[in-house]
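Down below is the structure, laid out as structure tokens.
The values are calculated or read from the model by the stated rules, or taken from the named source; none is laboratory data. Since this is a predicted model, take the numbers as computed values, not measurements. Virtual Cβ from ideal backbone geometry, glycine too; neighbours counted across all protein chains shown.
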């Protein structure tokens, strides 16, 4: 089997896609502004036995990929798994580009996926590639943010709660500097274990993000009153 990138663990909450026998082809957006990156995903039920043919990205530039991820979930006793191979693509030229799907061998059988068409338009003319405030999806630092999650917000003095600070990015996170610990005034705080190095996927407000848990802390309330 050909090498298809680094294996990481993720939770899959997918985009819109089209099933082709045993696997799905997904585009983060079918209409994108020139110079704005977008993602192409292949979703399989398991790791392929053999990659017979990679997708053909003629006319497009590959910024990242192939990136390999796997997911596992168990809902009400029903277990399922998926295997994802993804690329981050970009084009400085406008026009319609046809992406010929890859070919894999799964369970002893050879499967072809459907071809996809992506429309690259002039910057500033694509409604589909913009967010409500008019900025291109995935363009600029405003698309990368940290979200703080707290398991409960009403505590007794002496009671503890877990705080998770997670980094969200529309594109794969390759590396970043070690984060500084936040200040918890009015609390005693201590880190919980090590940072989670696995890159994950999470859907938030209808958009798919790559996420990384940067900090996990247990904080204990030291005094009453509203604390920030």
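Quick one: would you say residue 149 is assigned by TED's automatic domain parsing to the domain that holds residue 172, in a strand (DSSP E or B) and at pLDDT below 90? Yes; evaluated as a whole, the condition is true for this residue.
If you take the residues of the range 31-58 that are part of a loop (DSSP other than H, G, I, E, B) and either modelled with pLDDT of 90 or more or out of contact with any strand residue (DSSP E or B) (no Cβ under 6 Å at 6 or more places or on another chain) (or both), which of them is farthest from residue 201 (Cα to Cα)? Full working, then the answer.
Our first condition is that a residue be part of a loop (DSSP other than H, G, I, E, B); within the range 31-58, this holds for 34-37, 45-49, 54-55, 57-58.
Remaining after also requiring either modelled with pLDDT of 90 or more or out of contact with any strand residue (DSSP E or B) (no Cβ under 6 Å at 6 or more places or on another chain) (or both): 35, 45, 54-55, 57-58.
Numbers: 35: 24, 45: 17, 54: 23, 55: 22, 57: 24, 58: 27 Å.
Checking each candidate, the answer is 58.
Would you say residue 8 is at negative phi, surrounded by 14 or more Cβ atoms within 10 Å (Cβ to Cβ), modelled with pLDDT under 85 and part of a strand (DSSP E or B)? Yes; evaluated as a whole, the condition is true for this residue. Could you grab me the full set of residues in the range 81-99 that are in a strand (DSSP E or B) and under 23 Å from the mean Cα position of the chain (by Cα)? Passing the criteria: 81, 82, 83, 84, 85, 86, 87, 88, 89, 90, 99.
So which strands (runs of 3 or more DSSP E) stay within the range 179-228 end to end and still have 2 or more residues that are at pLDDT 80 or above and out of contact with any helix residue (DSSP H, G or I) (no Cβ under 6 Å at 6 or more places or on another chain)? Please lay out each step first, then the result.
On the way: elements: 187-191, 200-204, 207-221.
Ranges flagged: 187-191, 207-221.
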